[in-house]
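One structure is given below, encoded as structure tokens.
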Amino acid sequence: MKPAFSIVFFTVSSGAGLGLLALLALADLFAPDALADRVVWRAALLGLLLVAAGLASSVLHLANPRNAWRAFARFRSSWLSREAVFAAALFPIAAIYAALAAGAAGGVWRDFFALATCLVAWAVLFSTSMIYASLKPIRQWRTTWTPLNYLLLGHWSGVLLLAAMAAAYAGSAPFFLLGALLGLVALGVKLAYWYSIGERGAGAKRAPTLERAIGVDAGVHGPGTMTAARARLLDVGHSHGTFLTDEFGFVLARRHAKVLRGAAIVLGFLLPLAWLLAGAAHWQLGVAAACCGIMGLLAERWLFFAEARHTVRLYHGDPRT
Amino acid sequence: MKLGLVIDLDTCVGCHACATACKEWNASSKVSNALSDYQPFGAEPSGVWFNRVRHYEVGEYPLSKTINFPMSCLHCEDADCVSVCPTGASYKREDGIVLVDQDKCMGCNLCAWACPYGARELDEATGTMKKCTLCVDRIYDTMLAPEDRQPACVLVCPTHARLFGDLDDPASEVSRVSEERGGFGLLAELGYRPVNRYLPPRQPKTVLSDDDARALLDRGLASLASPLIRR
């Protein structure tokens, strides 16, 4: 799949913002004294800004953005529509929550809006991940690892931002060990995802072949069967690229994949983990760790697209997906 | 009703007339709203097509066969391109035809991602998704003679490798031919239940030259002997 930067940025930016909002609201609900109000409202604002930036970027991906408002129409069947509806609902809810925190309000209304912010943020994150996980023609996406991976990455980048903000505005970051644990789990799931889509993973055995795609996998029917049913593309029928080759024909060199996976692991996980495990001190280092983590996740999301191989590639001559 | 095509892979000669006739008819169609070309006379000509013909070789020479493979929308019964569409621009009609409402599409590409057959192409000029309409503006046109109320690709095919009809009706020509010849849907395991059927190519009667026969014999002997030699 072509890694369109608008979508890569959208998933990373929105993911971080949503993870930040969900974790912030959770911390505020279950440990009200851990985060000062000045941290809470600033973090909520940052979360909303990141989600807004992501959504703006996703609109750039549309070829006909004038009709973007119609995206709310198919809530009952389309994950993209659900994502749009939940994201639109998130803004007023999280904005009220941020305002309550800024006014140092307490009580049941603040709890209510904290809980609502958390639940709606989760709904948006899950809907985004299901857009990919529901696509049957892309076996690298159609796995339970896809939503799990994306939910964890959103929370991991969110916890980095939250810790950096707490260090900056309150002098210390609570729960930094819990944050590090979250990072380790997210890294583990990412590695499991890569294993599952790899040659030794379960998906590779079920990957459809070119022979299957054109219906000659069981030989050629008729009077007797053709025993050697290997097929290859002779001619693709077009002289230059098409929408299909642009969108689905992206090929990632194996050595580039290795370098990028390494960068995603080191920048996205190991360096920020080192800051958290070292005690999450010095807010300047925290900001650096959060930026570094987000850079790593940009590489991770880019790879998520670049490594996904759509079934239509079989018809363009790939022996298997 | 399940309107669709039956495509005979045995008789298709891969001339691309279906693709060209489709382009000709639909480029001025109100339903599909133009099929744009990019640099049609330039160095890198490209553009939107509803129908593309690809060519494959099956088997190994000399026991091989060339298969010409036209592909357009299969008008699936469980069309994911329709259910993933957030705007409601993609829809399936009562007669089975899957269409895109050009006034509602926002060009997000998600339906093209959801289609394993590559049936949908984004038109960069209009910013909307385009796909085969099964010539919905021909097949119901009472101004045309009854025999002309068929998709352009079917009418033009010089080898009659394409048939159009209702695959829901077991007595229709398309259903009977598909039944007789073992017509199949593409990638059934994905569960889209495509309506279009493909008739499999027949076993070719191989004509071997003396050199071919010799080469085949050598290859057969070599494959028998190699495990012994390796041991």
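Values as computed for the structure displayed
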{"item": "Loop-located chymotrypsin sites (Phe, Trp or Tyr not before Pro) in region B:1-61 whose Cβ has at most 16 other Cβ within 10 Å (DSSP)", "result": "B:41"}
{"item": "Relative contact order for chain A, counting Cα pairs under 8 Å that sit 6 or more residues apart, in percent", "result": "24 percent"}
{"item": "Residue exposure sequence - A:200, A:320 - by fewest surrounding Cβ within 10 Å", "result": "A:200, A:320"}
{"item": "Helix A:176-197 vs. chain A, principal-axis angle (Cα, 0 to 90°, nearest 10)", "result": "0 degrees"}
{"item": "With Cα atoms, 0 to 90° folded angle of helix A:5-30 axis to chain A main axis", "result": "40 degrees"}
{"item": "Region B:4-25 and region B:96-166: distance between their alpha carbon centers, rounded to Å", "result": "13 Å"}
{"item": "Using a Förster distance of 45 Å, the FRET efficiency for residue B:66-residue A:185 (Cβ separation, nearest 0.05)", "result": "0.30"}
{"item": "Filtered trypsin sites (Lys or Arg not before Pro), region A:59-98: DSSP coil and at most 14 other beta carbons within 10 Å", "result": "A:76"}
{"item": "Cα long-axis angle, helix A:107-133 against chain A (0 to 90 degrees, to the nearest 10)", "result": "10 degrees"}
{"item": "Dipole-positive endmost among A:57, A:94, A:25 within region A:22-149 (Cβ charges, Cα centre)", "result": "A:57"}
{"item": "Assigned charges on the beta-carbon of Lys, Arg, Asp, Glu; region B:3-203 dipole about Cα centre (debye)", "result": "220 debye"}
{"item": "Overall form of chain A per C-alpha gyration tensor (a/c, 1.5; a/b vs b/c)", "result": "prolate"}
{"item": "Where the Cα pairs of the protein assembly as shown fall when distances are cut into 10 Å bins, in %", "result": "4, 16, 23, 21, 16, 11, 7, 2, 0, 0"}
{"item": "Cα→Cβ-extended label distance, 7 Å offset, between residue A:240 and residue A:31, nm", "result": "5.9 nm"}
{"item": "Contact order normalised by residue count of region A:84-205, Cα under 8 Å, 6+ apart, percent", "result": "19 percent"}
{"item": "Cβ-derived FRET efficiency at R0 35 Å, residue A:178 paired with residue A:256, nearest 0.05", "result": "0.50"}
{"item": "Charge-dipole axis of region B:87-144 as Lys and Arg at +1 and Asp and Glu at -1 on Cβ define it, positive-most pick from B:115, B:90, B:139", "result": "B:115"}
{"item": "Descending Cα extents along the principal axes, region B:3-203, whole Å", "result": "47, 44, 38"}
{"item": "Karplus (6.51, -1.76, 1.60) ³J(HN,Hα), θ = phi - 60°, over region A:259-272, in Hz, Gly and Pro reported as x", "result": "4, 5, 4, x, 4, 4, 5, 5, 6, x, 10, 5, 5, x"}
{"item": "Assigned charges on the beta-carbon of Lys, Arg, Asp, Glu; chain A dipole about Cα centre (debye)", "result": "900 debye"}
{"item": "Proximal aspartates and glutamates to residue A:190, defined as alpha-carbon separation beneath 14 angstrom and excluding residues fewer than eight positions away on the same chain", "result": "A:300, A:307"}
{"item": "Average Cα contact separation per residue, chain B, under 8 Å, 6 or more apart, as relative contact order %", "result": "27 percent"}
{"item": "Summed side-chain charge close to residue A:264 - residues other than residue A:264 whose Cβ falls under 13 Å, Lys, Arg +1, Asp, Glu -1", "result": "+2"}
{"item": "Set of aspartates and glutamates with alpha-carbon distance to residue B:130 below 15 Å, sequence-local pairs under 8 removed", "result": "A:247, B:24, B:37, B:101, B:103, B:121"}
{"item": "Most positive-pole-ward Cα, B:47, B:4, B:100, against dipole of region B:3-203 from beta carbon charges", "result": "B:47"}
{"item": "Loop sites in region B:1-65: trypsin sites (Lys or Arg not before Pro), DSSP, at most 16 other Cβ within 10 Å", "result": "B:30"}
{"item": "Max mean-square fluctuation residue, GNM over chain B, Cα-Cα springs under 10 Å, options B:42, B:127, B:185", "result": "B:42"}
{"item": "Among A:28, A:37, A:235: highest mean-square fluctuation, GNM of chain A, C-alpha pairs under 10 Å", "result": "A:235"}
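Throughout, read-outs are computed from the coordinates displayed, never taken from laboratory work. Everything numeric here is computed off the predicted structure, so don't read it as measured data. No Cβ is skipped: glycine too gets one built from the backbone with ideal geometry, and neighbour counts run over all protein chains shown.
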